[in-house]
There are 2 protein chains.
Amino acid sequence: MSKQIASSRSPSFLKCGQCSLGSLCLPVGLDGQDMVDLENIVDSSSPFGNEERVYNAGQTFDRIYAVKSGMFKTVIIDSLGNDHITGFHLPGELFGLDAIYSKKYMSSAVSLGTSSLCAIEYKELESLSHKLPSLQHQLLNLMSKEVQQSQSLNVDLTAEQKLAGFLIALAARYKQRGYSETRFHLVMPRRDIANHLNMAPETVSRLFKRFVNDGLLTINRTDLTIVDMTALKEMGGCASVC
Amino acid sequence: MSKQIASSRSPSFLKCGQCSLGSLCLPVGLDGQDMVDLENIVDSSSPFGNEERVYNAGQTFDRIYAVKSGMFKTVIIDSLGNDHITGFHLPGELFGLDAIYSKKYMSSAVSLGTSSLCAIEYKELESLSHKLPSLQHQLLNLMSKEVQQSQSLNVDLTAEQKLAGFLIALAARYKQRGYSETRFHLVMPRRDIANHLNMAPETVSRLFKRFVNDGLLTINRTDLTIVDMTALKEMGGCASVC
DNA sequence: GTAGACGCTTGATATGAGTCAAGACCCCAA
DNA sequence: TTGGGGTCTTGACTCATATCAAGCGTCTAC
């Protein structure tokens with residue numbers, strides 16, 4: 001990828017210690033010199049435009065990424081050429097972790113809208129983790145969370161339950177980041193939501209209509225408001241986040 | 001759990017350095033004193049009987065487990081009471097890793113047939129990982145593998161593709177452990193296979209019949225022989241293991 | 001042996017969600 | 001302002017797989 005990566009030393013770079021996402025991201029538990037050590041292995045990228053690629057499946061793994069702003073999706077492609085969105089990544093979340101074992105990216109990472117991220121050389125991160133117990137701890141925690149989340153996506157639910165669960169989880173993640181949990185923008189197109197949840201875009205459309213009719217939410221293109229959170233949670237069966 | 005756990009110092013315990021699973025399990029990359037250090041935090045359990053529980057969902061997380069012999073399944077239960085088998089674990093594989101983040105087990109672990117395992121206090125494992133770069137490396141690798149695998153289970157496939165993929169992956173894992181990759185025992189009941197793959201037991205039954213009719217495999221209760229691996233792989237679309 | 005239980009198989013039917021096809025809406029560009 | 005391309009919605013129809021309901025093995029216990 002020819003994307004320009006600014007060094008952490010460049011003036012435009014907001015260091016981890018100053019970043020508002022510190023409480024969600026890798027720096028959890030770090031301060032003083034430890035924080036500086038981490039900052040020194042983090043590089044900040046210039047923004048990505050809509051649908052711009054960070055890396056492609058099959059590329060040699062070297063870095064993991066943390067979302068700084070906007071949203072990224074990770075997409076795997078099976079041998080038949082069908083693609084599947086494994087996740088949408090919000091600010092403070094990491095992606096690329098699935099490549100550690102295989103040493104090459106198993107998925108492609110793509111920007112949704114205008115988004116930016118931080119890149120961390122994995123080799124350096126692993127070394128630094130030996131020195132900094134808190135960093136190792138947080139890295140393992142974040143990977144564990146990832147395991148748990150992708151496992152809970154596997155449960156057999158109706159389309160209705162899956163979509164409700166998806167919205168609840170998204171709301172919770174926005175809330176965690178200090179945004180409204182009842183009103184937010186659906187950055188990704190319906191097609192992407194459908195793909196991620198293994199359903200047809202038409203089904204997503206019909207379900208949204210039903211949710212609106214049932215007074216669970218209002219929606220205007222990408223502007224979504226959750227009207228009855230309780231009912232939505234009940235419907236989703238607390239599938240993802242309870 | 002009242003299960004007896006023998007200390008690694010007890011005579012019956014086969015130490016990691018002598019264990020044939022060392023090349024798959026945590027000890028990868030360790031030797032000398034490092035191996036001894038690991039052995040000292042590993043406890044070996046007495047065998048579990050069929051359907052016996054190792055831990056229950058909701059219990060406080062303290063240990064991760066490595067399968068020594070037999071097979072274990074991990075089961076999550078959603079708020080509606082439906083259970084879902086997140087995985088079957090073969091010798092050398094770890095489970096309980098999804099609990100690191102949440103600090104309590106998200107799933108229950110259950111023995112299939114007579115099986116045994118090793119228990120590792122997670123706190124001690126994390127501490128030891130600071131000291132031993134190779135151990136940290138392997139732990140992160142195994143977690144990454146787990147992420148990748150559960151993600152690839154999420155792709156939208158037909159029942160036929162899912163079952164074929166499941167058998168291929170199982171064959172590959174047996175091969176890795178020095179067993180035949182074409183002939184093995186299906187330790188788990190049809191019901192469990194169906195549950196894991198999100199289908200009805202009847203569908204599994206019908207598909208097995210079709211696979212036999214099409215000359216892909218022969219099956220006698222739990223005794224399965226893959227006759228045409230190539231065709232099976234093609235059918236599975238290399239979904240899990242290529 | 002025989003009875004009971006359990007798991008597996010098989011067939012008939014139902015249904016949720018996919019597919020196909022058309023139309024509506026929205027946004028941008030000229 | 002108008003035209004064109006994309007995304008989203010809606011309706012009609014199809015199909016894969018679930019569900020329901022027997023029936024069949026096979027194993028165990030007495």
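There is at least one residue in the range B:170-191 that is away from every other protein chain (no Cβ under 14 Å), within 16 Å of DNA strand C (Cβ to nearest atom) and assigned to a helix (DSSP H, G or I). So in the range B:52-108, with the set limited to residues that are of a type in the set (S, T, N, Q) and open to solvent by less than 30 Å² (accessible area, probe 1.4 Å), which one is farthest from A:Leu153 (Cα to Cα)? Going through the qualifying residues, I end up with B:Ser108.
Hey, could you check the range A:193-211 for residues that are open to solvent by less than 10 Å² (accessible area, probe 1.4 Å) and near DNA strand D (Cβ under 8 Å from one of its atoms) and say which is farthest from the other protein chains (Cβ to nearest Cβ)? Result: A:Phe208.
The number of residues in the range B:149-165 that are within 15 Å of B:Lys209 (Cα to Cα) and either within 12 Å of DNA strand C (Cβ to nearest atom) or at pLDDT below 95 (or both) comes to 1.
Out of B:Glu146, B:Glu126, I need the residue that is more than 20 Å from the chain's Cα centre (by Cα) and in a helix (DSSP H, G or I). Which one? Outline the logic, then answer.
Working: B:Glu146 fails: more than 20 Å from the chain's Cα centre (by Cα).
Exactly one of B:Glu146, B:Glu126 is more than 20 Å from the chain's Cα centre (by Cα) and in a helix (DSSP H, G or I), namely B:Glu126.
For the condition away from chain B (no Cβ under 14 Å) and either over 21 Å from the mean Cα position of the chain (by Cα) or open to solvent by less than 30 Å² (accessible area, probe 1.4 Å) (or both), A:Met229 qualifies. The single condition among (1) within 16 Å of DNA strand C (Cβ to nearest atom); (2) over 19 Å from A:Leu232 (Cβ atoms) that A:Ser205 does not satisfy is (2).
Considering the conditions (1) away from DNA strand D (no atom under 16 Å from the Cβ); (2) aliphatic (A, V, I, L, M); (3) touching a Lys or Arg at 6+ places or on another chain (Cβ under 6 Å), A:Met229 is excluded by exactly one of them, (3). Within the range A:121-163, the set of residues being crowded, with 23+ Cβ neighbours inside 10 Å and more than 12 Å from chain B (Cβ to nearest Cβ) comprises A:Leu163 only. Output yes when any residue across the range A:234-241 is open to solvent by 50 Å² or more (accessible area, probe 1.4 Å), within 27 Å of B:Val155 (Cβ to Cβ) and away from DNA strand D (no atom under 16 Å from the Cβ), and no when none is. The answer is yes; a qualifying residue exists.
The values are calculated or read from the model by the stated rules, or taken from the named source; none is laboratory data. Computed from a predicted model, the values in this text were never measured in an experiment. In this analysis, Cβ positions are derived from the backbone assuming ideal geometry, glycine residues included, and neighbour counts consider all displayed protein chains. When the accessible area is computed, the model is the full protein with side chains, heavy atoms only, and any ligands, DNA or RNA have been set aside. Shrake-Rupley method; radii C 1.70, N 1.55, O 1.52, S 1.80 Å.
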